[in-house]
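The values are calculated or read from the model by the stated rules, or taken from the named source; none is laboratory data. Bear in mind that the values here come from a model prediction, so they are computed numbers and not experimental data. Using ideal geometry, Cβ is built from the backbone for each residue, glycine included, and neighbour counts are taken over all protein chains shown. To get the accessible areas, we keep the full protein, side chains included, count just its heavy atoms, and leave off ligands, DNA and RNA. Shrake-Rupley method; radii C 1.70, N 1.55, O 1.52, S 1.80 Å.
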Amino acid sequence: MRQQRRGRSIAMTPDEVDAFLAAERVCRVATISAGGHPHVVPLWFVWDGSALWLNSVLRSQRWADLQRDPRVSVVVDAGEEFDELRGVELSGAVEVASEVPRTSEPRPELAGVERRYAEKYSGTPDFVADGRHAWLRMRPARLVSWDFRKNPAPKPRRSG
């Protein structure tokens, strides 16, 4: 993965990135439409420390876009005021990581991801496949983070 070059003073540490992505609930996924236009949608996700997992509806513009071109850019952000803003941008290509559609057949390689997803969004460890979704995995080629709470306080100007 490419390292962040600009904004290093406000970049999150790897532990901070992991904690942030574990806590936040919604990401914004950008794909490229057939006409070459960006298509951005909010989506639930799971971060496993090295890959972003997306449980995508098969009959969606996102799924159609990704079948043509697997490249995505994903943003997860938080904060209201300028000095509270923080986030992570991940870029790379997705790969289909389950059967299409995902069935309830136990898959050991998905057990941890599905348990974390179920706990995060339903409060139970039991993931229930609905026959309309499949798993996408993105191992980011690039990850950029920011945490404006790390900005040093502005220094007062001296008069005169």
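Only one of the numbered conditions (1) surrounded by 15 or more Cβ atoms within 10 Å (Cβ to Cβ); (2) touching a residue at least 60 places away in the same chain (Cβ under 8 Å) is not met by G112, and that is (1). Anything in region 5-63 that is β-branched (V, I, T) and touching a residue at least 40 places away in the same chain (Cβ under 8 Å)? List them, or say none. Result: I10, V17, V26, V29, T31, V46, V57.
Out of region 37-61, which residues are touching a Leu at 6+ places or on another chain (Cβ under 7 Å) and of a type in the set (A, V, I, L, M)? Result: L43, L52, L54. From the list V94, V76, exactly one residue is in contact with a Pro (Cβ under 9 Å, 6 or more places away or on another chain) and at pLDDT 95 or above. Which is it? When all the criteria are applied, what remains is V94. Go through region 134-151 and give me each residue that's open to solvent by 30 Å² or more (accessible area, probe 1.4 Å) and either free of Cβ contacts under 8 Å to residues at least 60 places away in the same chain or within 23 Å of W63 (Cα to Cα) (or both). Once the filter is applied, which keeps residues that are open to solvent by 30 Å² or more (accessible area, probe 1.4 Å) and either free of Cβ contacts under 8 Å to residues at least 60 places away in the same chain or within 23 Å of W63 (Cα to Cα) (or both), region 134-151 yields R137, R139, A141, R142.
Filtering region 19-38 to residues that are buried (at least 17 other Cβ atoms within 10 Å of the Cβ) and in a loop (DSSP other than H, G, I, E, B) leaves only E24.
For W53, state whether it is open to solvent by 90 Å² or more (accessible area, probe 1.4 Å) and not basic (K, R).
For W53, the condition - open to solvent by 90 Å² or more (accessible area, probe 1.4 Å) and not basic (K, R) - is not met.
Here V100 clears all of (1) under 14 Å from T31 (Cα atoms); (2) open to solvent by 20 Å² or more (accessible area, probe 1.4 Å); (3) in contact with a Leu (Cβ under 9 Å, 6 or more places away or on another chain) except the condition numbered (1).
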